[in-house]
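Asks: Have a look at the structure that comes next, please.
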Amino acid sequence: MMAVPAAALLSASCPARAASLPPGLTEQEIATTVERARQAFNVPGVAVAVVHDGQIVFSHGYGRRAEDKASAPVDGRTLFAIGSNTKEFTATALAQLVEQGKLDWNDRVIDHMPEFRVADPSITRDFRVSDLLTHHSGMGLGAGDLMLFSHSTLTRPEVLAGLPFMPFTAPFRTQYAYNNLLYVVAGALVERLTGQSWEEVVQKRLIDAAGLPACQSTPPVRGQTDVATGEGESGALPDKATRLLPAVAPAGGIWCSADGMARWAQTYLAGGRAPDGRQVFSQASRDALWAPHALLPLPSTAEATRTHFRAYGYGWFMEDFFGYKRVWHTGTIDGMVSYVTFLPEQKTGIVILTNHDDYNATYSIATTLSAYVATGTSADWVAHWRDAKNAEDAATAKAATTTGPGSPARPFITLSESARQEYAGTYRDDWRGPITVSLRGQDLRMAFSHADGLAGTLSALPHDLFVVRWDDRGQDAEDDSYVQFERDVSGKVVGMSMRVIGSDFSFDAQDLHPRKEASSFSEEKEAKRL
């Protein structure tokens, strides 16, 4: 797709005048940066849009919609999964309810949802609506994500029922740890106060109200054609009648195009007023969402970008960037990564959508283009993140071949059938439910319930330690995990613990504590006899 002519992008609420990119940024610089990032990180397709001074001044597609080299080209209306950029929609929906007097940011959650519970009763009693949005609850990084991702079919009510089992790893409101689960609670709160589904509220009161083209609160279905396919995904779309809405939607369920997200950026930069003049939410709400509510550690790039603080608001990150305020968020889901970033003082917003599961590409593009807007020049951020990724990949590969499971230093062992049989059975975790270990031929297999295909083969290491290698290598290869079986004093296997081998924080296996059901190891009769 060619760059959209400026005249075609003029907002209805803006005077008819020539639209242009912000000073310091050119179409050639955008194209060069995107193509270098595509090559460096093997990204099939990218869509970029730029908003400046109230207008969409640039919208362009690069590459193709899928890994398949014969797939159609990306354009400004291609739907991408925007992942956690959905969070700002959920936070904005809550802001609308605050404006209507139905809610206050400082309200206790239990006053609106009496069934709300977390692991600590005292924290349950003091948990505020704002605490749902700031990632400072005290729960661990990615707590509960296994109920939301990794093929999970759990419903939103089932996810909320698992919330009290999430462990706290830090005192309440003291440490930042990114959390999707509480945004699902925030979505449930929207539903409770409106009497409508989160999908209906976001679609009607935000997406439709702001007039976002090619944007939807539900996944695409069969018959929609201009749709990107993420890395490792088949691209097959379900029938509308059979589609199951995912529990994760309020934290990461929206699909949108570059044109749609650009209009969202226009609305935000205009203080909640859509380009057609409709006030979708107030500027006071926008300012509350964009205000720092919880401090974060500085990034590794802080010195290079002259960043002295980083914080989280309600659904948005913010920091100082070369002396200016920058507001941004990223999203990763279904093999795609998105990035939305604003420099409000320059009246500029930038949208980047990709169909490759690698944040390095979006970070490279977003930081480069933002730097051009802020300073008129930019360091080579593509090279920066390419070199960082190469170093990380090399270190990971070296560890895998020298000390990793299956390496010469830690070879797998072969167990007899009777030894393998000791581990077989059903294990039940309080929040994730049953996990089955079974024999299939010579293999020991593990499968999660409430999941459409999360299953794999166990390979044995000494001392009751295994590695599970998941079947779906396209989606789950990075989530291969250690499985440590536990025995009681009589030597019977009674439970297990898990830990992901890689670094995917959303595969929060460390929070699982599955216990083997009594019938699984033939203790029912003994228990009855006693």
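The values are calculated or read from the model by the stated rules, or taken from the named source; none is laboratory data. Predicted model only: the values in this text are computed from it and were never measured. Glycine gets a Cβ as well: all are built from the backbone with ideal geometry, and neighbour counts include every protein chain shown. Quick note on the areas: whole protein, heavy atoms, side chains included, nothing else; ligands and nucleic acids left out. Shrake-Rupley method; radii C 1.70, N 1.55, O 1.52, S 1.80 Å.
Asks: Just want the answer: with Cβ charges of +1 for Lys and Arg and -1 for Asp and Glu, which residue in 146, 316, 457 is farthest toward the dipole's positive end in the chain?
Replies: 316
Asks: Here's another thing I want to ask about it. Round to the nearest 0.05 the FRET efficiency obtained for residue 412 and residue 151 when R0 = 30 Å and r is the Cβ-Cβ distance.
Replies: Values: r = 26 Å, r/R0 = 0.86.
With R0 = 30 Å, the Cβ-Cβ based efficiency is 0.70.
Asks: Expressed in nm to one decimal, what extension gain is obtained for the pair residue 104 and residue 398 from 0.36 nm per residue of sequence separation less their Cα-Cα distance?
Replies: Numbers: separation 294, 0.36 × 294 = 105.84 nm, distance 5.19 nm.
Fully extending the segment from residue 104 to residue 398 adds 100.6 nm.
Asks: With θ set to phi - 60°, apply the Karplus curve 6.51 cos²θ - 1.76 cosθ + 1.60 along the stretch 165-181 and write out the HN-Hα couplings as whole Hz, x wherever there is a Gly or Pro.
Replies: 8, 6, x, 8, 10, 8, x, 4, 6, 10, 10, 6, 8, 4, 9, 7, 4
Asks: Let me ask something else about it. Counting just the Cα atoms, what span does the stretch 313-370 cover along each of its three principal axes? Round to the nearest Å and put the largest first.
Replies: Here the Cα extents, ordered largest to smallest, are 33, 25, 15 Å.
Asks: What's the extension gain from residue 486 to residue 240 if we count 0.36 nm per residue and subtract their Cα-Cα distance?
Replies: Working: separation 246, 0.36 × 246 = 88.56 nm, distance 4.44 nm.
The residue 486-residue 240 span can extend by a further 84.1 nm.
Asks: With equal scatterers on the alpha carbons only and no solvent term, can you work out the Debye log10 of I(q)/I(0) for the chain at 0.09 1/Å?
Replies: Each listed q maps to, in turn, -0.68.
Asks: Here's a follow-up. Of the heavy-atom accessible surface of the chain (probe 1.4 angstrom), what whole percent is carbon and sulfur?
Replies: Numbers: 11210 of 21840 Å².
In the chain, the share of accessible area belonging to carbon and sulfur is 51 percent.
Asks: What whole-number distance in Å separates the alpha-carbon centres of the stretch 419-495 and the stretch 185-243?
Replies: 34
Asks: To continue, here is another question. Per the Kirkwood definition applied to all pairs of different Cα atoms, how many angstroms is the hydrodynamic radius of the stretch 376-530? Before the final figure, lay out the partial values.
Replies: On the way: mean 1/r = 0.0571 Å⁻¹.
Every distinct Cα pair counted, the radius reaches 17.5 Å.
Asks: Something else now. Order these peptides, 33-40, 127-134, by their mean beta-carbon neighbour count within 10 angstrom, highest first.
Replies: Those peptides, ordered most packed to least, come out 127-134, 33-40.
Asks: Can you work out ³J(HN,Hα) from phi for every residue in the stretch 449-465, in order, using Karplus 6.51 cos²θ - 1.76 cosθ + 1.60 and θ = phi - 60°, giving whole Hz and x for Gly and Pro?
Replies: So the J values, rounded to whole Hz, are 7, 6, 8, 8, x, 7, 8, x, 9, 8, 10, 8, 10, x, 6, 6, 9.
Asks: What size of dipole, in debye to the nearest 20, comes out for the chain about its Cα centre when the only charges are +1 on Lys and Arg C-beta atoms and -1 on Asp and Glu C-beta atoms? Spell out each step's value before the answer.
Replies: Details: 49 positive and 62 negative charges, 96 e Å.
Dipole of the chain, to the nearest 20 debye: 460 debye.
Asks: Label residue 304 and residue 120 with points 7 Å out from Cα along Cα→Cβ: what is the distance between them in nm?
Replies: Simple spin-label model gives 3.8 nm for this pair.
Asks: Taking K and R as +1 and D and E as -1, what net charge do the other residues with C-beta under 10 Å from the C-beta of residue 368 add up to? List each step's numbers first, then the result.
Replies: On the way: positive: 36; negative: 29, 380.
For residues surrounding residue 368, the net value is -1.
Asks: Projected onto the charge dipole of the stretch 354-428 (+1 at Lys/Arg Cβ, -1 at Asp/Glu Cβ, origin at the Cα centre), which of 408, 365, 423 gives the Cα projection farthest towards the positive end?
Replies: 423
Asks: A further question follows. To test your reading of the geometry: what angle, between 0 and 90 degrees and rounded to tens, separates the Cα axis of helix 381-402 from the longest principal axis of the chain?
Replies: So the helix axis and the longest Cα principal axis differ by about 10 degrees.
Asks: Measure nothing but the geometry: give the 0 to 90° angle between the long axis through the Cα atoms of 27-41 and the longest principal axis through the Cα atoms of the chain, rounded to 10°.
Replies: The two axes meet at around 10 degrees.
Asks: So which GluC sites (Glu not before Pro) in the stretch 87-127 are both in a DSSP loop and have at most 13 other Cβ atoms within 10 Å of their Cβ?
Replies: Values: sites: 88, 99, 115; in loops: 115.
Those satisfying the criteria are 115.
Asks: For a quick protection proxy, order the peptides 77-84, 251-258, 164-171 by their average other-Cβ count within 10 Å, most packed first. Kindly include the intermediate steps, with their values, before the conclusion.
Replies: On the way: 77-84: 25.6, 251-258: 28.9, 164-171: 15.4.
The densest-packed peptide leads the list: 251-258, 77-84, 164-171.
Asks: How many lysine pairs in the chain, separated by 8 or more positions in sequence or lying on different chains, have Cα atoms less than 29 Å apart?
Replies: Lysine pairs meeting both conditions in the chain amount to 19.
Asks: If you line up the long axis of helix 258-269 against the longest principal axis of the chain, both from Cα atoms, how many degrees apart are they, to the nearest 10?
Replies: In the chain, helix 258-269 runs at an angle near 70 degrees to the longest axis.
Asks: Quick check: residue separation of residue 168 and residue 20 times 0.36 nm, minus the Cα distance between them. What number comes out in nm?
Replies: Values: separation 148, 0.36 × 148 = 53.28 nm, distance 4.95 nm.
Extending this stretch completely gives an extra 48.3 nm.
Asks: A further question on this structure: Which order do peptides 49-59, 492-502, 323-333 fall in by mean Cβ count within 10 Å, highest first? If you can, show how the numbers build up before the last one.
Replies: Numbers: 49-59: 24.5, 492-502: 17.7, 323-333: 20.1.
Ranking, from highest mean packing down: 49-59, 323-333, 492-502.
Asks: Starting at the first residue of the stretch 99-110, write each ³J(HN,Hα) from the Karplus equation 6.51 cos²θ - 1.76 cosθ + 1.60 with θ = phi - 60°, in whole Hz, x for Gly and Pro.
Replies: Values, residue by residue: 4, 7, x, 8, 7, 10, 4, 8, 4, 6, 4, 5 Hz.
Asks: If you don't mind, another one. Regarding the stretch 274-401, what whole-number volume in Å³ per residue does the convex hull of its Cα atoms give?
Replies: Values: hull volume 17.9 nm³, N = 128.
Enclosed volume per residue, from the Cα hull, is 140 Å³.
Asks: A further question on this structure: Per DSSP H run of n ≥ 4, the term is -39500 (n - 2.57); total these for the chain, divide by its residue number, and report the mean residue ellipticity at 222 nm rounded to 500 deg cm²/dmol. Walk me through the numbers on the way to the answer.
Replies: On the way: 16 runs with 145 residues, N = 530.
Helices in the chain give a 222 nm mean residue ellipticity of -7500 deg cm²/dmol.
Asks: Can you tell me the accessible area per residue over the chain, all protein chains present, probe 1.4 angstrom, in square angstrom?
Replies: Values: 21840 Å² over 530 residues.
Per residue, the chain has 41 Å² of solvent-accessible surface.
Asks: Further question on the same structure: Would you work out which of 23, 166, 466 lies farthest towards the positive end of the dipole of the chain, given +1 charges on the beta-carbon of Lys and Arg and -1 on that of Asp and Glu, about the Cα centre?
Replies: 23
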